[in-house]
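The next block holds one structure in the form of structure tokens; read it before the comments.
Where a number appears in this text, it was derived from the coordinates with a stated rule and is not lab data. Not measured: the values here are computed from a predicted model. Here Cβ is always computed from backbone atoms with ideal geometry, including for glycine, and neighbour counts include all displayed protein chains.
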Amino acid sequence: MTNLITYLKLLAAVTAWGGTFIAAKYAVIDNTVEMAALLRFTAASLILLIILYKKMGTFPRLSRFQLIQIILLGLTGVTTYNLFFFYGLQTVEAGRGALIITSNPIWVALGSVIFFGQRYRLINIAGLIFCVFGVVVVLSKGQLETLFSSAIGLGELSLIGCAMSWSTYTLLGKYLMESHQPLSPLILVTYSSISGSILLAIWMLVTGQSFSINPTIELVTAIAYLSFVGTVAGFIWFFDAVKIVGATKSSVFVFFVPVSAILFGYLLLDEQITISLSFGALMIVSGIYLVNKPINYSNG
């Protein structure tokens, strides 16, 4: 039952992240990408601090070791992830970009092997391949050659950096939750969100970015969704799962993000549900099932 609830939370998290692609477009209509990201994580940090205080009655102190790790989490999961994400999508079409970003479970799997001694059976590897193929089918609308018809440029490299940033964030979070001074998912997400917001602000100061905003209803609505749903709920649910079922099994659910993004497009933008979407979604769900098949080796 515990694992079932965990997987439902994971599904809810990646579904919410699918909606962030739409919300992010509205957030940057009249504002810079840096300012949109800063607003998102500043708002999320305030919400998380309230939740943390209500739950624990205090703000837990960090050791020097934990503080360094939290700064690294904020740097990878908030600052570099968002900068790579927004800069990459300025020059790369959304479908091609989403395919690159959803490669991060592969990086998590490799990191789990290298740093945590994770071992996989052939069926788990097949599941990863199913997921990758399903994402390619979904994003190419069944025309696979369209995703690879242009050369790799700085935009694509930025999005690879985006995927690797999130993978590093995931593995660091797993390490902190299992270290000799373990942090709960709530503390980890709260403090990393704060550190990431501070680092984003420092980046904006150093690069001479403007802190001005145009407070439209679209911006307010988008930031509300990005902060509360995409960050607070999504991040906590995700790291709850990482703690229970492992980094690789949790990260593979990210392959479902493009599917949920297209479903949001269907519900909100009247976009069509195609045969290729249905087939690709089936491949992704099948792959997620295979990756999460129980194994007798150490959890990753």
Practice task
Note the full-extension length gain between Ser276 and Ile71 as 0.36 nm times their separation in residues minus their Cα-Cα distance, in nm to one decimal.
Solution key: 69.6 nm
Problem - Efficiency of FRET from Cβ geometry, Lys55 and Leu205, R₀ 41 Å, rounded to 0.05 - result: 0.80
Problem - Residues of region 15-31 with amide N under 20 Å of the 7 Å Cα→Cβ point at Thr221 - result: 16-31
Exercise for the section: Given the peptides 64-75, 49-60, 159-170, 214-225, arrange them by the average over their residues of other C-beta atoms within 10 Å, most packed first. Expected result: 159-170, 64-75, 214-225, 49-60
Practice task
Compute the distance in nm between two label points, each set 7 Å from the Cα along the Cα-to-Cβ direction, one at Ala126 and one at Leu154.
Solution key: 4.4 nm
Practice task
Treat every Asp and Glu Cβ in region 2-291 as -1 and every Lys and Arg Cβ as +1, leave all other atoms uncharged, and give the resulting dipole magnitude about the Cα centre to the nearest 20 debye.
Solution key: 960 debye
Fill in the blank from the handout: Of the listed pairs Lys54/Lys174; Lys9/Lys55; Lys25/Lys55; Lys25/Lys243, those with alpha carbons more than 28 Å apart are Lys25/Lys55; Lys25/Lys243
Fill in the blank from the handout: Given Cβ charges of +1 for Lys and Arg and -1 for Asp and Glu, the option among Leu282, Asn3, Leu49 whose Cα lies farthest towards the positive end of the dipole of region 2-291 is Asn3
Exercise for the section: May I ask you to list the residues of region 170-187 whose amide nitrogen lies under 20 Å from a point 7 Å from Cα along the Cα→beta-carbon direction of Leu8? Expected result: none
